[in-house]
Amino acid sequence: MRLSREKTVRLSHIITDVLVAGEDVEFIEDRATIRQNVVDVLIGLLKEEEQVDAQVRQKIGSQKREILEGSEEWELLYRKYYGEEMRRMGIVHQPATSGAS
C-alpha cells in the first residue's frame, strides 16, 4: 500500500491522539516525539510491505507460463504468496475480502 507523506502524517496524528487519550498508557516523551516515532514505524512497515509485494510479483512472474496480472489465477497466487511471505515474517495475515494489492 502506498501512502503519501501527508496521509502518513495524518495517520500518525490519529494514532497519537488515540494513545494519548487512553488511560493505560503513560508517556515520558512529548507529543511531537511520539508522533514522529509513529511516522517512523508506519514508514518502516510500508517499506516492508512494498518489499513483500515486489517479492510476490517476482515469484508470480517466474512461473513457467505467463500469468496475466488482474486475472483470477494471478489474484489467487498473489494472495497465496503474500500470505506465505507474511507468515515467514511472523505476521498473521488476514486476506482482504475483495481484491489484492
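The values are calculated or read from the model by the stated rules, or taken from the named source; none is laboratory data. Please read all numbers here as calculations on a predicted model, not as lab measurements. Cβ sites come from the backbone with ideal geometry, for glycine too, and all protein chains shown count toward neighbours. Please note that ligands, DNA and RNA were not included when accessible areas were found on the heavy atoms of the full protein model with its side chains. Shrake-Rupley method; radii C 1.70, N 1.55, O 1.52, S 1.80 Å.
So here's what we get for this one:
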| read-out | value |
| --- | --- |
| For I67, distant residues with modelled amide H under 5 Å away | none |
| Carbon/sulfur fraction of accessible area - the chain, other protein chains in place, 1.4 Å, % | 53 |
| Label-point separation in nm, I14 to R65, each point 7 Å along Cα→Cβ | 4.3 |
| Positive-end residue of I34, A54, S4, charge dipole of region 1-59 with Cβ unit charges | A54 |
| FRET efficiency, 1/(1 + (r/R0)^6) with R0 25 Å, evaluated for Q58 and Q36 via beta carbons | 0.15 |
| Taking only Cα atoms of the chain, radius of gyration then Dmax in Å | 17.6, 56 |
| Cα-centre dipole for the chain with unit charges at Cβ (Lys and Arg positive, Asp and Glu negative), debye to 20 | 460 |
| Backbone HN-Hα couplings from phi across region 10-20 [Karplus 6.51/-1.76/1.60, Hz, Gly and Pro as x] | 4, 4, 4, 5, 5, 4, 4, 4, 5, 5, 5 |
| Pairs of lysine residues in the chain - Cα separation under 25 Å, sequence separation of 8 or more or cross-chain | 5 |
| Accessible area in square angstrom per residue, the chain, 1.4 angstrom probe | 75 |
| Under-5 Å amide H pairs with L3, H placed in peptide plane, nonlocal only | none |
